[in-house]
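Accompanying notes for the structure given below.
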Amino acid sequence: MRLLTGNDLPTGDVVWWTGSGWSRHVEDAADVGQEGEAILRREEGARRVNVPYLIDAIATPDGPRPAHIKDRIRALGPTVRPDLTLRPADPAAGSWVI
Amino acid sequence: MYRYDQYDQAIVDARVDEFRDQVERRLSGQLSEDQFKPLRLMNGLYLQLHAYMLRVAIPYGTLDSRQMRMLAGIARDYDRGYGHFTTRQNLQFNWIKLADTPDILARLATVQMHAIQTSGNCIRNISADQYAGAAADEVADPRPWAELIRQWSTFHPEFSYLPRKFKFAVIAAEEDRAAMRLHDIGIRLVTRDGELGASIYVGGGMGRTPMISHLVRDFVGSDDLMSYLEACLRVYNRYGRRDNIYKARIKILLHEIGADEYRRQVEEEFLLVKQLGIDPPRAELERITAMFAPPAFDPAAPDAVDRSDPDFAVWLDQNVAAHKQPGYAIVNVSLKPIGGIPGDADADQIALLADLGAAYSFDELRVTHAQNIVLPHVAKRDLYAVWRRLTKAGLAEPNLDLITDIIACPGLDYCSLANARSIPLAQKIATRFADRQRELGELKLKISGCINACGHHHAGHIGILGVDKKGTENYQLSLGGSGAQDVSLAKITGPGFSEDGVVDAIERVTDRYLATREPGERFLDTYRRVGFEPFKDAIYG
């Protein structure tokens, strides 16, 4: 599957295209399939998200998982600071990242 | 310490106002990211993996308690409660919001700080010996010269769009504590016939193509310094390659045309530049130098230190260095707790360091390129009190220059350029060797998460480079580098390793060292005596 991701303009937060907007949670990401390039161009024009780009991902029962380690770390947060990730209370939250 | 005059303050304040307007235009959609990116980078604002990152300049690594306290406040109010001290003696905040940035810069400006010259193809923040003004082996305090270069380089119209970024380091001692020979221009202050001047080294650097700089001029007097540096930059600006980012640094120019030809062109240009009258009157250097006058040391300060507390004695031997003033010492505060993140300090720790600087070090602190903090002027009678407060704050790890005092870039946990994580590897190595580090003695281990070498792996006695091997982190090991006065570039050992594999490989290297060393030899000494092969055999044999 293909995902569209970037960084939110005001905050810099990592965001994922959901099909209708942007979410901070990769689990909400939608498979953009063949429409990816068109959505990317449209969102670039909207100037809400910095440097949107398309990535490969794998569908799992827990949601999409980016194929490359860099995007998996983006999806989670720094692996060395679990307290600063999106799920600081869940010690297993990053088990799929590395 | 240097204090802004009205021009300095006006420049910094105007830049804040200008950037505030640019941020507003970006947030309102008037500017695209392509238009905005070079503007934010000129103000130290990067976009990293998880957020914007603001790199704050700390000129020549020197700051006072008020400035340090400001950094703690910004960490608390605008970031997530911590900051990261870098190998360029700067500080990075990892979780900055774009809309907050003008306010942060405005607050920094109130304490004479900014984020100018921390990005872009300009002359970057000038670095210097962290023991400046305190070291017994220096011929002079290098910081007035560094400040003069700072003033000359800030917004220099001719050098704001160089072929590539450009880094200076200034030292004034035989011992090189600033990796001077691995900078685009390195300056060592020297005396000749009683006159203070500068030896100019050009063309060093790490990154993709590491090179050691060449001595281009052995003596430039203070009356000629700006003209000479202007000539050095002009020749680079004219001939440095703008067609290939990987060949754009000045080290490549010197490599391609040769140091002799570069020197010839610089000397020719210097004769022209000298006629322009850009060198400031000597009174200006004297004005700046006066601001770096030694503090009011107590001439009766006792030299004796009570070593009866064994833990204190260990720290004293490892982290405290000799001061030129009897009765005083230089305190190195390690930001490398075992298992911690190299260079990180939380807001409370930064605030404590500010307090200690104010109470015990004549209001001065330094940041080192090894990502530690220095209290440069501590009376020996105060050392125990300082140590106790550092201990309480988790800042008294007695490991300066040992294998656990690891330089590590932020790596793939934060950096958009990185190929592999540096920090978890540093944590594993520190944990593995914590019990043996004193037995191993001086051993400088440096980790970079990509070829850009922010973690100085080329200069490590043991260096590690993280690479991306088909989407998996892999680590290349290298041996024999040094950023000190015995400068050398590390040599890659062979095929890379997994994260755990490289820790095991380092253990085989250190075991070979312990089995091979002669009395008094550091790791690097043994490596240089016996050569590369015995260590390679230990790793792969």
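Mind checking whether some residue in the range B:244-257 is under 28 Å from B:Y60 (Cα atoms), touching a Lys or Arg at 6+ places or on another chain (Cβ under 9 Å) and assigned to a loop (DSSP other than H, G, I, E, B)? Yes, because at least one residue in the range B:244-257 is under 28 Å from B:Y60 (Cα atoms), touching a Lys or Arg at 6+ places or on another chain (Cβ under 9 Å) and assigned to a loop (DSSP other than H, G, I, E, B). Within the range B:287-345, the set of residues being assigned to a helix (DSSP H, G or I) and of a type in the set (S, T, N, Q) comprises B:T289, B:Q318, B:N319. For the residues B:Q67, B:Q22, B:Q9, B:Q35, the requirement of being within 22 Å of the chain's Cα centre (by Cα), assigned to a helix (DSSP H, G or I) and not acidic (D, E) singles out B:Q67. For the range B:1-41, the candidate set comprises residues that are under 30 Å from B:G357 (Cβ atoms), touching a residue at least 24 places away in the same chain (Cβ under 8 Å) and of a type in the set (A, V, I, L, M); within that set, the residue that is surrounded by the fewest Cβ atoms within 10 Å (Cβ to Cβ) is B:I11.
Kindly list the number of the only condition in (1) within 14 Å of chain A (Cβ to nearest Cβ); (2) of a type outside the set (D, E, K, R); (3) without any contact (Cβ under 8 Å) to a residue 40 or more places away in the chain that fails for B:C409. Of everything listed in (1) within 14 Å of chain A (Cβ to nearest Cβ); (2) of a type outside the set (D, E, K, R); (3) without any contact (Cβ under 8 Å) to a residue 40 or more places away in the chain, B:C409 misses just condition (3). Within the set B:R249, B:R282, B:R238, the sole residue that is basic (K, R), more than 23 Å from the chain's Cα centre (by Cα), at pLDDT 95 or above and not assigned by TED's automatic domain parsing to the domain that holds B:L63 turns out to be B:R238. Picking from residues in the range B:276-320 that are over 26 Å from B:N372 (Cα atoms) and in contact with a strand residue (DSSP E or B) (Cβ under 9 Å, 6 or more places away or on another chain), the one that is surrounded by the fewest Cβ atoms within 10 Å (Cβ to Cβ) is B:P302. Looking only at the range B:430-479, residues that are more than 14 Å from chain A (Cβ to nearest Cβ), farther than 12 Å from B:I407 by Cα and among the β-branched types (V, I, T) come to 1 in all.
Residue by residue, here is whether (1) crowded, with 23+ Cβ neighbours inside 10 Å; (2) outside any strand (DSSP E or B); (3) without any contact (Cβ under 8 Å) to a residue 60 or more places away in the chain; (4) in contact with an Asp or Glu (Cβ under 7 Å, 6 or more places away or on another chain) holds:
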| site | (1), (2), (3), (4) |
| --- | --- |
| B:E147 | yes, yes, no, no |
| B:F155 | no, yes, no, no |
| B:D176 | no, yes, no, no |
| B:I187 | yes, no, yes, no |
| B:I200 | yes, no, yes, no |
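As a summary of the residue check, B:D468 satisfies the conditions (1) assigned to a helix (DSSP H, G or I); (2) in contact (Cβ under 8 Å) with a residue 12 or more places away in the chain; (3) surrounded by fewer than 20 Cβ atoms within 10 Å (Cβ to Cβ) except for the one numbered (1). Count of the range B:42-59 residues, restricted to those that are more than 12 Å from chain A (Cβ to nearest Cβ) and either part of a strand (DSSP E or B) or within 20 Å of B:P342 (Cα to Cα) (or both), is 4. Just one of the listed residues (A:A46, A:A92) is exposed (fewer than 13 other Cβ atoms within 10 Å of the Cβ), at pLDDT below 95 and more than 13 Å from chain B (Cβ to nearest Cβ), namely A:A92.
The values are calculated or read from the model by the stated rules, or taken from the named source; none is laboratory data. Just so you know, these numbers come straight off a predicted model, no measurement behind them. Glycine gets a Cβ as well: all are built from the backbone with ideal geometry, and neighbour counts include every protein chain shown.
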